[in-house]
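Structure, as structure tokens:
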Amino acid sequence: MTSWESVVPEHAIRFVGHPTHEHPEPHLVFVVTGQALLVADGRDLLLHRHEAAWLAPGVPHAVETRSGGMVLGPLLEPGCAPPERVRPLGVIPDLVDLLTTVLVAAPSSTDHVAPFRSAIGALLRAQALDYFPLVHPRHPVAAAVARDAAATQRTLDRLAAQYRISQRQLLRIFVEETGLPFHQWRVRARLNPAVAHLLIGGGIPAAAMIAGYGTRTGFLRALARETGIPMADLTARPDGALRTGAVPVAS
């Protein structure tokens, strides 16, 4: 197999990856083909063909390509940051089409790059809208727990122990400051990026992965419970069902 990085050395990073570094701008990691292991903020994400991850400014990250992987890493507009520091995106068909167009057009000047960067930003901002409006806790410890609860699989007892707060106190703060029990707040926080993925045409398996569910059935069951939309409707046409369903409120 040809070592493409030696053929076009100025673009070697796209074929072999890169060690840990960070950017002052938001950043997108997109796998053109093959696989890539993205380590971002100490979190391992194995990305497959056409999957992407959206990084906030200043997030330390490294990429290791696998299985003939090729990766694009466009820097984004300064205001185009994800709601959390690292947001896995799965496969978003419109983003795949747009980045394929970027590859074909190969813009090289600032003027040529700008419209593509703007189009990527518009697509990602639409992806970042929250379907479930959430109030974040004001209490500093509860706020830190909320960030980890949305982004990791750590259990409530582990989170409480990590931040040296009793589970009872943490549960009370969440209800008082967010209007939701901790478990429901966490489920909705993890469903939000998955719903956004579905609303722009993404598939259910990738959405389940984004939300941290091991099976599509578990994901659809949680989504049906929180939205009140029948699982059959979510399975048949998730984007249409979500658009016509009532926006849920705290209960």
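The values are calculated or read from the model by the stated rules, or taken from the named source; none is laboratory data. Just so we're clear, the structure is a prediction, and the values are computed from it rather than from any experiment. Here Cβ is always computed from backbone atoms with ideal geometry, including for glycine, and neighbour counts include all displayed protein chains. Quick note on the areas: whole protein, heavy atoms, side chains included, nothing else; ligands and nucleic acids left out. Shrake-Rupley method; radii C 1.70, N 1.55, O 1.52, S 1.80 Å.
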**OP:** Using R₀ = 35 Å, calculate the FRET efficiency as 1/(1 + (r/R₀)^6) where r is the Cβ-Cβ separation of Leu98 and Asp148; round to 0.05.
**Re:** 0.65
Subject >> Estimated D of the stretch 157-251 in µm² per second, where Rh is the Kirkwood radius over Cα pairs and Stokes-Einstein applies at 10 °C, 1.306 mPa s >> reply: 111
**OP:** In nm, give the distance between the simple-model label positions of Arg243 and His112, each being 7 Å from the Cα along the Cα-to-Cβ direction.
**Re:** 3.5
**OP:** Please list 148-154, 79-85 highest first by mean number of surrounding beta-carbon atoms within 10 Å per residue.
**Re:** 79-85, 148-154
Subject >> Highest-first arrangement of 102-113, 193-204, where packing means the average Cβ count within 10 Å >> reply: 193-204, 102-113
**OP:** Name the long-range amide H neighbours of Arg66: under 5 Å, sequence gap of 5 or more, or other chain; modelled H, no Pro or chain starts.
**Re:** Gln35, Ala36, Leu37
**OP:** State, in angstrom, two size descriptors of the chain derived from its alpha carbons: Rg to one decimal place and Dmax to the nearest whole number.
**Re:** 19.3, 60
**OP:** On the protein heavy atoms, probe 1.4 angstrom, tell me the percent of accessible surface of the chain carried by carbon and sulfur.
**Re:** 57
Original post:
Ratio of the stretch 53-131's C-alpha Rg to 2.2 N^0.38 Å, to two decimals?
Top reply: 1.13
**OP:** Using only C-alpha positions, report the orientation-averaged shadow area of the convex hull of the stretch 194-250, nm², one decimal.
**Re:** 3.5
Original post:
Between the stretch 173-251 and the stretch 43-91, what is the C-alpha centre distance in whole Å?
Top reply: 23
**OP:** Return one whole number: the accessible area per residue of the stretch 183-246 in Å², for a 1.4 Å probe.
**Re:** 41
Original post:
If the chain between Asp44 and Thr155 were fully stretched, how many nm would it gain, using 0.36 nm times the residue separation less the Cα-Cα distance?
Top reply: 38.1 nm
Subject >> Two-decimal Rg/Rh across the stretch 113-220, once Rg and the Kirkwood Rh are taken from alpha-carbon atoms >> reply: 1.05
**OP:** Would you compute the Debye intensity of the stretch 77-120 from its alpha-carbon atoms alone, equal scatterers and no solvent, and pass along log10 I(q)/I(0) at q = 0.14, 0.27, 0.28 Å⁻¹ to two decimals?
**Re:** -0.41, -1.06, -1.08
Original post:
Going out from 0 in 5 Å bins, what whole percent of all Cα-Cα distances in the stretch 15-149 drops into each bin?
Top reply: 2, 10, 19, 21, 22, 15, 6, 4, 2, 0
